[in-house]
Each structure stands twice: as C-alpha cells, then as structure tokens.
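Here is the structure we will look at, set down as structure tokens.
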Amino acid sequence: MFGYRVPSPDEAMLISGGRRGLGGAPFRVVTGHGKFVLPIFRKTRFLSLAMSEAEVVEKCVTRQGISLTVRAVIAFKVGNDTESIVNAGQRFLSDQDQMSVLTGRIFAGHLRSIIGSMTVEEIVTERQKLAAEVLDTSKAEMAKIGLIVDSLQIQSIDDGATGYIDAMSAPHKAAIQRQAQIAQAQATQASTQAEQEAQRNQAEYARQTAVVQAQYKAEIDRAQAAAAQAGPLAQAHAEQEVLMARTELAERAAELRQQQLVAEVVKPAEADAERIRVMAIAEAERMKIQAEAAASYDRVALDRMLIDQLPQIVKEAASGLAGANVNVLNGADGLGEIAAGLVGQGLTILDSVRRNLGSPDGETKQPGGDIQRYLGAASSPADGGNAAKRSGDDGPVDIR
C-alpha cells in the first residue's frame, strides 16, 4: 500500500519528521511491525540490527616487558532496546560500517591495558580470563554507542622472535612428546599383541578344525570298518553259537555217559568192594575170636604147666648155691631170706614167661622152650636182692 513501510526482522525503522521520538529523540523507532509514513512530510531510514564482527590485531606489552601480538575477534550488534537503537542511529546511521572500525579500536585499547597487567604465562594459560576482563571493561563504553558484545575470542598470541612462549612450552612439549611416544609404543604393543592374539586364535581355530576333521574322518573310518566287518562278524557269531551248542550237546552226552558208567561199572564195583570188605571184616573178627579163644586156652594150660614146674624152677635156682661157700650171719632168719629169694626168682620167671606168651606181635610161643630158657638162666649166678650174696670159690657169701 502506498505510504505503508515495514522493516525487516533484523532492522529498525527510523522515521524522522513530525513529532519527536521517545526521550526527545529526533526520530521514532519502529521494530517488528509496519507503519504509515507520509511520503513528503516524513523520511524513513533503516538501521541494521544484525550481528557484526570486528577483528583486532594488536601488539601488546606484558607486565614482564615482553611484546606480544594478540589477534582477537569481537562479535557485536546494536541493542534491541529503543535507547540502544537511538544511540547507534545517531552515530552510525549514515555510515554503519564505522561500527566495526570503532569497536575494534575500543577493544584494542582495552586489550593493551589488560595485557599490560598480566604475565605471559597468565595470558597463555588464562585466555578466558583475559577475554572476560576485556568485555567487562568495555561494556559501559559500548553501551554508550548503542552496541552490545556477544563474544570476544582470543584467536592467537605470538611473541615473535623472542621464543619465550616456545621456551615456556618446551617442558610441556617434551612431556607431551614423551606421552605421545609412550602412547605410540603402547599402541604398537597393543597392535602387536592384538595381531599375535589374532594369529593364535587363527592357529587355534585351524587346530580345532583339524581335530574335528580328524574326528569326523576317524568316525567315518570306524563306521566303514564296522560295516565291512558286520557280515564276517555276524557269520563268526553264528558259527560260535553253533560251536557252543555242539559243545553243550557234547558235554551233556559226556555227562550222560559218565552217569551210565557210574551206574553200570562204578556202582557194581563199589557194591562188590563193600561186600568183600564186609566179608573180610567178618573173617577177621572170626579169626580174632578164635585167636582169643586159643590164647585163653593156652594161658590156662600154661598156668597149669608153670604151677607144675614151679618146684623144678626153684630147685634149679637153688642148685646154683650148691658149690657156694655161704656164711649165714643171722641164723634162721638168714636161711629164710635165702629161701624167699629163691621163690621170688621162680615167681619172676613165671611172670616173664606169661608176658612173652602174651606179646602184641600175635605169635603163639611154645611155653616149653621159654621155661627151659628161664630154667637155664636160673642156674647161672643171680642176685636175690639184698638178702644173700654169692662169691663162688673166691670167698664166703655173707648172709646178714
């Protein structure tokens, strides 16, 4: 529509002519909406509210007297409030490019002032502190000209040919290089270990694969061998079962034959042997009874014969004293003792004959021979105990 003007979103429309603006400003400020402007009686101008930047490259001297070249970038714009727009419009409306030039000069001055109060170490290590102090000191001055600073960045600090910053950073560079070398060595070692581990894994996988393949091949070989041997093994098992059946049949036949032999041969032989043994026992018992009867008869006859021969035995025993020189010391008692000794000898001979006739060898002895032998022994010298002693022709026999 004719006479209706609308500013851009990043512009402020300044209308001059007619009544004054806010606070006695020589123009009215319109932002964010349009307005009717009389073509002849009013004049319209536009002030940019967009972001602008200014670059500062300034040589500064630190508190240590070391010269530094500092490069900084300032991002600024006209404030959005009416007062800032009025202040900026009155100063830069005819030449808005001057805002960057003036801003750079303002910050250069503040930068030299603040760097002059700091050391190189502080400037290098505390750049944000430097930027914050520059912003704080320039804020009021920038507000007077209607500008606000969004950011200040220190891009570079250079000491030229002095080499101070390089010397200051040398230990750090050495430490960094050392750390870099260590990191590189560790990375190399880790890479080598990873490579070796990969090789080991590959070798282990290859080994496991070979083992599995060998196991599969062994299983296949066993299956083929088992299949190949299945027929012969089945035939061998069948033949073995037939052989076992035949063996069992033969064993049963042998057992049956053995039982037949026992029934036909062994049992009759055992019965015959038992009969013979019984008959032998009976015959032996009969002979024993006969022997006992004969022995009993012989003993009776022997006793009778011995009794009949006892006087002759005593006589033969006494005949040994016929040529002896006997001295009787105790009279009738001594003679009685001699007679008793002769009778005792006869009785002893009788007992000896009886024992010999009843000897365990079972032989039957003739009593006549034994009697004659003992009668001959009685005629030889013999002791009669302590009752009498004989000395033949050498001396007398004392009878005590």
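The values are calculated or read from the model by the stated rules, or taken from the named source; none is laboratory data. Given the structure is predicted, the values throughout are model-derived calculations rather than measurements. To get the accessible areas, we keep the full protein, side chains included, count just its heavy atoms, and leave off ligands, DNA and RNA. Shrake-Rupley method; radii C 1.70, N 1.55, O 1.52, S 1.80 Å.
When all protein chains stay in place and ligands, DNA and RNA are ignored, the 1.4 Å accessible-area order of Tyr205, Tyr164, largest first, is Tyr205, Tyr164. Each residue of the stretch 75-91 was assigned a 3J(HN,Hα) from its phi angle through the Karplus curve 6.51 cos²θ - 1.76 cosθ + 1.60 (θ = phi - 60°); the sequence is 9, 9, 6, 6, x, 7, 6, 5, 5, 5, 5, 5, 5, 5, x, 5, 9 Hz, with glycine and proline shown as x. Per-atom-type breakdown for the stretch 166-246 gives carbon and sulfur 58% of the accessible area (1.4 Å probe, protein chains only). Taking amide H as placed 1.01 Å from N in the peptide plane, Leu49 has its amide H under 5 Å from the amide H of Glu11, Ala12, each at least 5 places away in sequence or on another chain. First check a/c for the stretch 132-214, with a ≥ b ≥ c the square roots of the eigenvalues of its C-alpha gyration tensor; if it is under 1.5, answer rounded, and if not, answer prolate when a/b is larger than b/c or oblate otherwise. Judged from the Cα gyration tensor, the stretch 132-214 comes out oblate (a/c at least 1.5, b/c at or above a/b).
Given the pairs Lys139/Lys173; Lys35/Lys144; Lys43/Lys77; Lys43/Lys139, which are separated by over 26 angstrom at their Cα positions?
Over 26 Å apart, Cα to Cα: Lys139/Lys173; Lys35/Lys144; Lys43/Lys139.
In the calculated pair-distance distribution of the stretch 213-290, the portion above 22 angstrom amounts to 66 percent of the Cα-Cα pairs.
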